[in-house]
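As structure tokens, the structure follows; a few thoughts come after it.
Derivation of every value follows stated rules applied to the coordinates shown; laboratory data play no part. Quick caveat, the model's predicted, so the values are computed rather than measured. When we count neighbours, we look across all protein chains shown, and the Cβ atoms used for this are built from the backbone with ideal geometry, even at glycine.
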Amino acid sequence: MAEILWPWGAAATASLTATGTQAITIGDNLTIIDGVTTQATGNRTINLTIGSVIAAGALLFVKSKTNGTETTVFGTGFTAATITGESGKTYTQGFVYDGTTFKPLGGASKID
């Protein structure tokens, strides 16, 4: 039986650790990456492995909260600028897949 992907199934979720390189596999057409539950205490780099079922138009949302001026670097699988945080602040960034990499839907937003 095939997995039911978004929009008929639930969005996929992934969580970031506090620091270091984060390897995330994208296997759904909507993925939410939580970097808030575990706040950054050092720089984080997100590297993606994009699954073969992912089509152009897939969406990805990243939420990141920092302890200070830690960075969130969008590495493999992205074409995007780095976010530099502020103490205790949360940033969000949306992306769309163009068939090659995830591109930003606009600038990162500070939401608190």
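Remarks
- Note on S87 and T21: the model spin-label points, each 7 Å out from Cα along the C-beta direction, lie 3.2 nm apart.
- Projected-area average for the chain over all orientations - Cα convex hull basis, square nanometres: 6.6 nm²
- Difference of contour (0.36 nm per residue) and Cα-Cα distance, T100 to T76: 7.6 nm
- Note, ³J(HN,Hα) from phi for segment 30-45, Karplus 6.51, -1.76, 1.60, rounded to Hz, x at Gly and Pro: 9, 10, 10, 9, 9, x, 9, 4, 10, 5, 5, 10, x, 5, 10, 10
- Close amide-amide hydrogen proximity is noted between K89 and T66, each under 5 Å apart and 5 or more residues distant or on a separate chain (H modeled in the peptide plane; Pro and chain starts excluded).
- Average Cα contact separation per residue, the chain, under 8 Å, 6 or more apart, as relative contact order %: 21 percent
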